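Read through the structure below, which is laid out as structure tokens, and then see the notes.
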Amino acid sequence: MVAVKHLPSPWFYAALLVWLIAVVAVAFCVHPKAAAYMLSASLVVLAVLRATCSSRVVPHVRSRWFDVLCLLGLALALFYLAPWGLSRAL
């Protein structure tokens, strides 16, 4: 198997999968609002890592600043919409 040098370690993806399973578990066991806040915080952490680390540490899609702005925008949207988690439809 050929190793690709510009991708993060498989351990990064394993840790990301474990974290997402933890967020889903919190959504089912605690409250969806808490899971949305956790996911929002993790997106901010990913944005900071993407802004400061190389592409070998954090996966990249587009340019560094485009990725950071998208992650922060999604984190802000999740943080804003989290209080309405599990609310009834109109």
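Here are several values of Rg and Dmax of the Cα atoms in Å: (i) 37.0, 124; (ii) 17.2, 58; (iii) 15.2, 53. Which one was derived from the coordinates shown?
(iii)
Just want to confirm a number: the relative contact order over the stretch 1-60, from Cα pairs under 8 angstrom separated by 6+ residues, in percent.
Contact order relative to length: 49 percent.
Based on the mean of other Cβ atoms within 10 Å per residue, sort peptides 29-36, 61-68 so the most packed one is first.
The most tightly packed comes first, giving 29-36, 61-68.
Place a point 7 Å from the Cα of residue 22 along the Cα-to-Cβ direction; which residues of the stretch 31-66 have their backbone N under 12 Å from it?
38-39, 42
Using a 1.4 angstrom probe on the protein heavy atoms only, line up 40, 54 by accessible area, largest first.
Order by accessible area, largest first: 54, 40.
Looking at 35, 72, 23, which one has the Cα that reaches farthest to the positive end of the dipole of the chain (charges on Cβ: Lys, Arg +1; Asp, Glu -1)?
72
Averaged per residue, what accessible surface does the chain expose to a 1.4 Å probe, in Å²?
Normalised by residue count, the accessible surface of the chain is 76 Å².
Which order do peptides 77-83, 43-49 fall in by mean Cβ count within 10 Å, highest first?
Most protected by this proxy first, the peptides run 43-49, 77-83.
Divide by every residue of the chain the summed helix terms, -39500 (n - 2.57) for each DSSP H run of at least 4, and state the resulting mean residue ellipticity at 222 nm, rounded to the nearest 500 deg cm²/dmol.
Dividing the helical sum by the residues of the chain leaves -22500 deg cm²/dmol.
The values are calculated or read from the model by the stated rules, or taken from the named source; none is laboratory data. All values reported here derive from a predicted model rather than from experimental measurement. Positions of Cβ are backbone-derived with ideal geometry, glycine not excepted, and every protein chain shown enters the neighbour counts. The protein model used for the area step is the full one, side chains on, heavy atoms only, and it has no ligands, DNA or RNA in it. Shrake-Rupley method; radii C 1.70, N 1.55, O 1.52, S 1.80 Å.
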